[in-house]
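The values are calculated or read from the model by the stated rules, or taken from the named source; none is laboratory data. Fair warning: this is a prediction, and the values are worked out from it, not measured in the lab. Here the Cβ positions follow ideal geometry from the backbone for every residue, glycine too, while neighbour counts run over all protein chains shown.
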Amino acid sequence: MTPPTRASHLRHHRAPKAAMAPPVQSDRILFAVALRLTSVALFALMNTCIKLAEAGGAHLAEILFWRQCGAALLVTVVVGAGPGFATLPTRRFGAHLARATVGLISMAFTFYTLTVLPLAEATTIGFSMPIFATVLGALVLKEPTGWRRWAAVAVGFTGVVIVAQPGGHEIPLHGALSGLLAAVLTAVVTILLRTIGRTEKPLTTVFWFSTLSLVPLGIAYAIWAQPHTPWLWLVLVTCGLFGGAAQVAMTSSLSFGPVSAVVPMDYTSLLWATLLGWLVFDHLPDQATWVGAPVIVAAGLYIVWREHVRRREETRQTMAQGIG
């Protein structure tokens, strides 16, 4: 009997690896994109409710509390109906606590920005988050960041300056600064989620964020709670339901499709912000926003694409080393 050659030996060991890597199904990607688009629309409706609630006299602490109440309720239902409550225990409570702390502060600045800026402008400034995430990823996680992504960061900051109009009168300076600080903190959250995501499931992370944040928000709510009209109560409750459903849809989208396919859908939120800002608040973006928004979006999309390319190259190198 002819002894097996090295080539046949390698083929023998490669076959199981090929069987373990099924091709990505296009229908799952389409479903992921649909979920992400749904989450974007729901977040836009939530942002509209935030502005309506503030205009009706609700305190920021009340809005935050009802937003997280809705999220905690819906995530609990989804976990119970899906993976089950056995998936919720964690050994990384400290990491979840850090994520909840930074996430809650980030959410507070985001909501404040929405109350002082028009929807389109607040949404556009929020698009700077991938720019800050790139900077933090390079500085904190020591991720390789080539000159192309640094150039995209510079272009993105240029777009932010155009929209914020330092020294101008269209956008309040404190509103622009609040939006930028919210984007920075959200970028910090993405860094924390990258480390938590190595061991924790997405729904588990969302559950702990929603429930842990209710502790300080419950205290704040007890201090600033006030009576409201039935209409305003409806707006507050709807804000929470929209936010919770959006968060579940956003998290679930990453279970059905790659980041490179679903994250770019987030930029459609500018369309919703413009439409709802016009229909509900009779406001259209000013000229600076029309000029700066495409610059920020282009920079963000390029950063997402370069991240996709980098991860694909890392996967290819890992597979080559495993075969070798």
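Which pairs have Cβ atoms under 6 Å, sit 6 or more apart or on different chains, and link a residue in the stretch 88-99 that is in contact (Cβ under 8 Å) with a residue 60 or more places away in the chain and on the phi > 0 side of the Ramachandran plot to one that is of a type in the set (V, I, T) and in a helix (DSSP H, G or I)?
Hits for this filter: zero, empty list.
Go through the stretch 143-161 and count every residue that is within 18 Å of E121 (Cα to Cα) and either surrounded by 21 or more Cβ atoms within 10 Å (Cβ to Cβ) or modelled with pLDDT under 80 (or both).
3
Working only within the stretch 221-234, note down all residues that are touching a residue at least 60 places away in the same chain (Cβ under 8 Å) and either touching a helix residue (DSSP H, G or I) at 6+ places or on another chain (Cβ under 8 Å) or not polar (S, T, N, Q) (or both).
Of the stretch 221-234, the ones touching a residue at least 60 places away in the same chain (Cβ under 8 Å) are 221, 223-226, 228-229, 231-232.
Those that are touching a residue at least 60 places away in the same chain (Cβ under 8 Å) and either touching a helix residue (DSSP H, G or I) at 6+ places or on another chain (Cβ under 8 Å) or not polar (S, T, N, Q) (or both): Y221, I223, W224, A225, Q226, H228, W231, L232.
Hey, among T195, T186, which residue is of a type in the set (S, T, N, Q), out of contact with any Asp or Glu (no Cβ under 9 Å at 6 or more places or on another chain), in a helix (DSSP H, G or I) and crowded, with 17+ Cβ neighbours inside 10 Å?
Values: T195 fails: crowded, with 17+ Cβ neighbours inside 10 Å.
Answer to the check: T186.
Residue by residue through the stretch 216-238, note down the ones that are in a loop (DSSP other than H, G, I, E, B) and either of a type in the set (A, V, I, L, M) or out of contact with any Gly (no Cβ under 8 Å at 6 or more places or on another chain) (or both). Steps first, please.
Quick first cut of the stretch 216-238, residues in a loop (DSSP other than H, G, I, E, B) only: 225-229.
Once the filter is applied, which keeps residues that are in a loop (DSSP other than H, G, I, E, B) and either of a type in the set (A, V, I, L, M) or out of contact with any Gly (no Cβ under 8 Å at 6 or more places or on another chain) (or both), the stretch 216-238 yields A225, P227.
In the stretch 281-295, what count of residues is obtained for those that are in a helix (DSSP H, G or I) and farther than 21 Å from D266 by Cβ?
Taking the stretch 281-295 first, the residues in a helix (DSSP H, G or I) are 281, 287-295.
From what's left, farther than 21 Å from D266 by Cβ: 281, 287-288.
So the count comes out to 3.
The conditions are (1) in a helix (DSSP H, G or I); (2) over 14 Å from the mean Cα position of the chain (by Cα); (3) farther than 30 Å from A81 by Cα, and L241 fails exactly one of them. Which is it?
With (1) in a helix (DSSP H, G or I); (2) over 14 Å from the mean Cα position of the chain (by Cα); (3) farther than 30 Å from A81 by Cα applied to L241, the lone miss is (3).
Regarding the stretch 205-216, can at least one residue be identified that is farther than 18 Å from A71 by Cβ and more than 17 Å from the chain's Cα centre (by Cα)? Talk me through it step by step, then tell me what you get.
To start, the set of residues in the stretch 205-216 that are farther than 18 Å from A71 by Cβ comprises none.
No, there is no match, as no residue in the stretch 205-216 is farther than 18 Å from A71 by Cβ and more than 17 Å from the chain's Cα centre (by Cα).
Just checking, how many residues over the stretch 278-289 are free of Cβ contacts under 8 Å to residues at least 12 places away in the same chain and either closer than 22 Å to C49 by Cβ or touching a helix residue (DSSP H, G or I) at 6+ places or on another chain (Cβ under 9 Å) (or both)? First the steps, then the outcome.
Just the residues of the stretch 278-289 that are free of Cβ contacts under 8 Å to residues at least 12 places away in the same chain, to begin with: 278-279, 282, 287.
Restricting the remaining residues to those that are either closer than 22 Å to C49 by Cβ or touching a helix residue (DSSP H, G or I) at 6+ places or on another chain (Cβ under 9 Å) (or both) gives 278-279, 282.
Total satisfying the criteria: 3.
Restricting the search to the stretch 79-111, which residues are within 12 Å of A182 (Cβ to Cβ) and of a type in the set (V, I, T)? Give the steps one after another, and end with the answer.
Here is the first cut: in the stretch 79-111, the residues within 12 Å of A182 (Cβ to Cβ) are 102-111.
Passing the criteria: V102, I105, T110.
With the requirement that a residue be of a type in the set (S, T, N, Q) and modelled with pLDDT of 90 or more, what does the stretch 165-203 give you? Steps first, please.
From the stretch 165-203, those of a type in the set (S, T, N, Q) are 165, 178, 186, 190, 195, 199; that's our starting set.
Passing the criteria: S178, T186.
Check every one of the helices (runs of 4 or more DSSP H) wholly within the stretch 56-154 and list those with 1 or more residues that are farther than 19 Å from L212 by Cβ and more than 21 Å from the chain's Cα centre (by Cα). If you could, list the steps in order and put the result at the bottom.
Values: elements: 60-81, 93-116, 119-126, 129-139.
Because the criterion is at least 1 residues that are farther than 19 Å from L212 by Cβ and more than 21 Å from the chain's Cα centre (by Cα), the helices (runs of 4 or more DSSP H) in the stretch 56-154 that meet it are 60-81, 93-116.
Quick grid of which residues meet (1) surrounded by 15 or more Cβ atoms within 10 Å (Cβ to Cβ); (2) free of Cβ contacts under 8 Å to residues at least 24 places away in the same chain; (3) not aliphatic (A, V, I, L, M):
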{"site": "I219", "(1), (2), (3)": "no, yes, no"}
{"site": "L236", "(1), (2), (3)": "yes, no, no"}
{"site": "T251", "(1), (2), (3)": "yes, no, yes"}
{"site": "V262", "(1), (2), (3)": "yes, no, no"}
